[in-house]
Amino acid sequence: THHDTDHPPDLERHYKVTKKILGKGSFAVVKECIHRHTGQSYALKIIQKKDIEGNELDILKQVRHRHIVSMHALYESDTAVYIVTDLASGGELFQQLLSKGFFTEKDASHLVSQILEGVAYLHNHDIVHRDLKPENLLFQTSEENANLMITDFGLSKILKNHDDILTTSCGTPGYVAHEVLEQKGYGRPADIWSIGVITFILLVGYTPFYGADQAELFACIIKGEYTFDEEYWKDISDSAKDFIDGLLAYQPQQRLTAEQALQHPWIVNSLTNDSRNP
Ligand code: ADP
Ligand code: MG
């Protein structure tokens, strides 16, 4: 048979790689592929080997959680690694945020609780995501209230150069914790900070830290000061603000853990009062 690409033969044997590009990230191109035997669609993430360090990919194969895009198979060619994962056909949370502007507290709380559940699982397995942002949060289907899934987890752990994540042209580094920018630490609390930034932006549609250029943005993050501007925040609950303060605590040790954040009233109460699940 003739292949118009250099995909590994093993991969081609099991999956038909379509021309449909699902997305591009900082390192990967993601295409849709179809399992030949079952007809089931998956996402195929292709990463150039020159961008990868070590081989911790096998660890990633063991990760199974409702809120995490899981890996089904792994192939390699001389130059690239091909990762077959669940297909999340509902698109990026980023896109929904752009089209909606912002979310209600209840919807935001429901979204953030799903992110936290996935991150708590990763943290319990010694995996720090390191690049949590709305572009890496995907809806499983295009239905309303679809399951939210984290992609890209742990891959930054195996990527050669952390600085690439910060300086890459794709997206702003507005979600990165100050201790990461200062190269002082890349632990679990860095993910919590990112979830704090995500919660903030979901509620009001703008980011807590900003700058006219990258240098100003970095300076703003390192300062770590943000405000709940009355104009946008006056109708938002104190509980939401307290929750964000807990995630954006300046000292990494003082930030809530994922498990603690899941117990916060803003998460717990909004879930129990959830009219979608009476
Ligand atoms: P990178 O590590 O390069 O950032 P990602 O895993 O974030 O790569 O993938 C890049 C983009 O591809 C995502 O932002 C998303 O739009 C799309 N994508 C990634 N994984 C999937 C998936 N499982 N299903 C559907 N689209 C995906
Ligand atoms: Mg990504």
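For this structure, a couple of remarks:
- Restricting attention to region 49-104 and to residues that are among the aliphatic types (A, V, I, L, M), within 15 Å of ligand 2 (Cβ to nearest atom) and in contact with a Gly (Cβ under 8 Å, 6 or more places away or on another chain), the residue that is modelled with the lowest pLDDT turns out to be Leu60.
- Residue within region 189-198 that is surrounded by fewer than 18 Cβ atoms within 10 Å (Cβ to Cβ) and modelled with pLDDT of 95 or more present: no
- Scanning region 206-249 for residues that are without any contact (Cβ under 8 Å) to a residue 60 or more places away in the chain and aliphatic (A, V, I, L, M) returns Ala212, Ala215, Leu217, Ala219, Ile221, Ile222, Ile244, Leu247, Leu248, Ala249.
- Glu144 away from ligand 2 (no atom under 16 Å from the Cβ), over 23 Å from Val29 (Cα atoms) and in contact (Cβ under 8 Å) with a residue 40 or more places away in the chain: no
- Filtered by the rule that a residue be in contact (Cβ under 8 Å) with a residue 40 or more places away in the chain and outside any helix (DSSP H, G or I), region 100-113 gives Gly101, Phe102, Phe103.
- Top-ranked residue of region 112-136 - restricted to ones that are modelled with pLDDT of 95 or more and touching a strand residue (DSSP E or B) at 6+ places or on another chain (Cβ under 6 Å), ranked as farthest from ligand 2 (Cβ to nearest atom): Gln114
- Only a single item in (1) touching a residue at least 40 places away in the same chain (Cβ under 8 Å); (2) away from ligand 1 (no atom under 15 Å from the Cβ); (3) not in a helix (DSSP H, G or I) is not met by Asp78, and it is number (1).
- Which listed residue, of Leu132, Leu97, is part of a helix (DSSP H, G or I) and not polar (S, T, N, Q): Leu97
- Subset of region 81-94 (residues that are part of a loop (DSSP other than H, G, I, E, B) and buried (at least 20 other Cβ atoms within 10 Å of the Cβ)): Leu87, Ala88
- Filter result for Phe27 (within 14 Å of ligand 1 (Cβ to nearest atom) and touching a Pro at 6+ places or on another chain (Cβ under 7 Å)): no
The values are calculated or read from the model by the stated rules, or taken from the named source; none is laboratory data. This is a predicted model, so every value here is computed, not measured. So basically every Cβ, Gly included, is an ideal-geometry build from the backbone, and we count neighbours across all protein chains shown.
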